[in-house]
Amino acid sequence: MEIKNNFRNAMRKYIYSVSIFSNKSTSGDLNAITVSSVTSISMNPPSLLVCINKDARIHDTLLEGEEFCINLLTKKHMNLSNICSNPNRHDDRFLNDSWNVDNVPYLNDAQANIFCKIDKLISFNTHTIVIGLVNDAISREEINTLSYLNGDYA
């Protein structure tokens, strides 16, 4: 247990950007979850990885070949980040008018949107590592990224 606590304390010293992983299930249900574990892998091909807890409601909608969006949040999205990280507020996630839900749901006013297709799913203990191939990306000029540090927004 001491190793877990030491590791948790060490990881809390990292500053993370906060994003929302969003998708539409094969049955058409909209899903969104707050994530901080998003990492670029390669520019050739453009790809990234994101880790999703297996207990998360969105987890069972993750299928190879399906599309998703990483919505890099701005500081004005703090409330939406809290909603998307609360399992009891699942039905409130898409009440925000900034969502475009025509295809893969994405936030119109995010710092950036990275549209991906799931290439590979790798199970690792409590999480699944999602490898996404980037189909498209949009970014805004002004940088106002929502960050997380030491268990709170920075």
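Results, tabulated for the structure shown:
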{"item": "Complete set of residues in the range 125-146 that are assigned to a strand (DSSP E or B) and either open to solvent by less than 40 Å² (accessible area, probe 1.4 Å) or in contact with a Cys (Cβ under 8 Å, 6 or more places away or on another chain) (or both)", "result": "His127, Thr128, Ile129, Val130, Ile131, Gly132, Leu133, Val134, Asn135, Thr145"}
{"item": "Flag if Asn96 is modelled with pLDDT under 95 and surrounded by 13 or more Cβ atoms within 10 Å (Cβ to Cβ)", "result": "yes"}
{"item": "Test: residue in the range 40-49 that is in a strand (DSSP E or B), open to solvent by less than 30 Å² (accessible area, probe 1.4 Å) and touching a helix residue (DSSP H, G or I) at 6+ places or on another chain (Cβ under 9 Å)", "result": "no"}
{"item": "Of all residues in the range 18-30 being touching a residue at least 60 places away in the same chain (Cβ under 8 Å) and farther than 18 Å from Val134 by Cα, the one that is most open to solvent (accessible area, probe 1.4 Å)", "result": "Leu30"}
{"item": "Failed item, numbered, when Ile83 is tested on (1) touching a residue at least 24 places away in the same chain (Cβ under 8 Å); (2) buried (at least 16 other Cβ atoms within 10 Å of the Cβ); (3) more than 12 Å from the chain's Cα centre (by Cα)", "result": "(1)"}
{"item": "Residues that are touching a strand residue (DSSP E or B) at 6+ places or on another chain (Cβ under 9 Å), free of Cβ contacts under 8 Å to residues at least 60 places away in the same chain and of a type outside the set (A, V, I, L, M, F, W, C), drawn from the range 124-138", "result": "Asp136"}
{"item": "Selected residue (only one of Phe94, Phe68 is out of contact with any His (no Cβ under 9 Å at 6 or more places or on another chain), assigned to a loop (DSSP other than H, G, I, E, B) and within 15 Å of Thr34 (Cβ to Cβ))", "result": "Phe94"}
{"item": "Number of the exception - Ile118 against (1) open to solvent by less than 50 Å² (accessible area, probe 1.4 Å); (2) in a helix (DSSP H, G or I); (3) more than 25 Å from Asn9 (Cα to Cα)", "result": "(2)"}
{"item": "Conditions (1) of a type in the set (Asp, Glu); (2) in contact with a helix residue (DSSP H, G or I) (Cβ under 9 Å, 6 or more places away or on another chain); (3) over 22 Å from Ala154 (Cβ atoms); number of the one not met by Asp109", "result": "(3)"}
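The values are calculated or read from the model by the stated rules, or taken from the named source; none is laboratory data. Computed from a predicted structure; not experimentally measured. We place every Cβ from the backbone using ideal geometry, glycine too, and count neighbours over all the protein chains shown. Surface areas here come from the heavy atoms of the whole protein model, side chains and all, with no ligands, DNA or RNA. Shrake-Rupley method; radii C 1.70, N 1.55, O 1.52, S 1.80 Å.
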